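Following: one structure in structure tokens, then a few remarks.
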Amino acid sequence: MKTLRGYVTRIVATRIIGAAAILLAVLQILDLLDVTTEIIDRGLGAAGVLHYATLRLPRLLEQVLPLSVLAGGLFAFAQLARESAVIAMRSTGVSVYRLIGIVAPVALCVAVLDYVTVEVVAPRTDPALETWWAQTAPASDKPAAVRSFRAGADLVFAAPGDEAGRALSDVRIYRRDAEGRITERIEAPRAVYQDRQWRLQQPRMVRFTADEAMISTAQQLAWDTRLRPADVQVLLSPDQAPSAANARRALAGGGAERPASFYAMRLQQALAGPLSAVVMMLLTVPVALGNFRNREGAVLTTSALAAGLVFLVADGLLVALGEGGMLSPILAAWTAPLVFVALAVTVLLRMEG
């Protein structure tokens, strides 16, 4: 049994790794075609191209992992079916359910890799890439730095003050009451995050009452907010990709630029997204039971490929609806995985029966 488990696991894992390498190489080449000329024009040379490719790798890996399981699973199970390995396994009492148990750890490993890539690695490489890209850009190409966002009930306009998100410049804060009316405006040339608290440097406060506007100044003022440096890096980024931790803080009153439904959806996707690898694996298992001496094998392969692509489209559509607040985040995140898992299990039950 150990020999069988090792053989099947090796076949499936190597096909998935191979598919991931090919897809990753294609995406990397297409991505570099758009930026290599600009990198060379900036005088960064081959080292700059390599640096860019390295920092872009996590986001590209996020895109290819589900497809690599789909493609790798199809190749692996088609090979097992052509070699009659599945027939031999079934003759010794190995059911399709045990086959699923053998390949499940491979899918779970891909799911874990997906989660770590999206939630741990990418939130660190994205700011590094944006900082490097901005620092090496010609002065005429640098975009306007000031951005607007919400920090709890406050409306904030600010520009990044450093690479780590621990400083803001040209800060303007508009505080509102429960009815949304502005009660105070605070302007400060700089805000610094120290001792787990934001401190406004040389702020100028204008407090609005029913009769007048009262002006005051100070050398320093503590800003009571849940905003964190990691949130600043995402909020002031031109291409926002908040992690689950960013989304959780945004929902708790931290920095936010989009509706609450977007961040609620992001929390659900942090768990549901990596499970796409498991869904893809289940969709490809029926190929192992096909007869490749007639049309059945080709039909099962084509059907599994189509089902995997339809799953990606349906999941993406539901996620977009969830982010826009048109569907419950839980419903939007979990409907496609559960429906396609049920579809795969139904097919397997019929074929096994």
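Evaluating residue 293 against the criteria (1) of a type in the set (D, E, K, R); (2) within 15 Å of residue 275 (Cα to Cα); (3) outside any helix (DSSP H, G or I) leaves one unmet condition, (2). The single condition among (1) outside the structural domain of residue 320 (by TED's automatic domain parsing); (2) touching a Pro at 6+ places or on another chain (Cβ under 9 Å); (3) touching a residue at least 60 places away in the same chain (Cβ under 8 Å) that residue 254 does not meet is (2).
Inside the stretch 27-47, residues that are part of a helix (DSSP H, G or I), out of contact with any Phe, Trp or Tyr (no Cβ under 9 Å at 6 or more places or on another chain) and surrounded by 12 or more Cβ atoms within 10 Å (Cβ to Cβ) make up a count of 4. In the set 104, 88, only one residue is in a helix (DSSP H, G or I), surrounded by fewer than 20 Cβ atoms within 10 Å (Cβ to Cβ), free of Cβ contacts under 8 Å to residues at least 40 places away in the same chain and more than 17 Å from the chain's Cα centre (by Cα); that residue is 88.
Can you name the residue in the stretch 110-119 that is touching a residue at least 40 places away in the same chain (Cβ under 8 Å) and not small (Gly, Ala, Ser) and, of all such residues, is nearest to residue 277 (Cα to Cα)? Result: 110. Residue 198 meets each of the listed conditions (1) without any contact (Cβ under 8 Å) to a residue 24 or more places away in the chain; (2) buried (at least 20 other Cβ atoms within 10 Å of the Cβ); (3) in contact with a strand residue (DSSP E or B) (Cβ under 6 Å, 6 or more places away or on another chain) apart from (1).
The values are calculated or read from the model by the stated rules, or taken from the named source; none is laboratory data. On a predicted model such as this, the values are computed, not experimentally measured, just so you know. Heads up, the Cβs are rebuilt from the backbone with ideal geometry, glycines too, and the neighbour counts pull from every protein chain shown.
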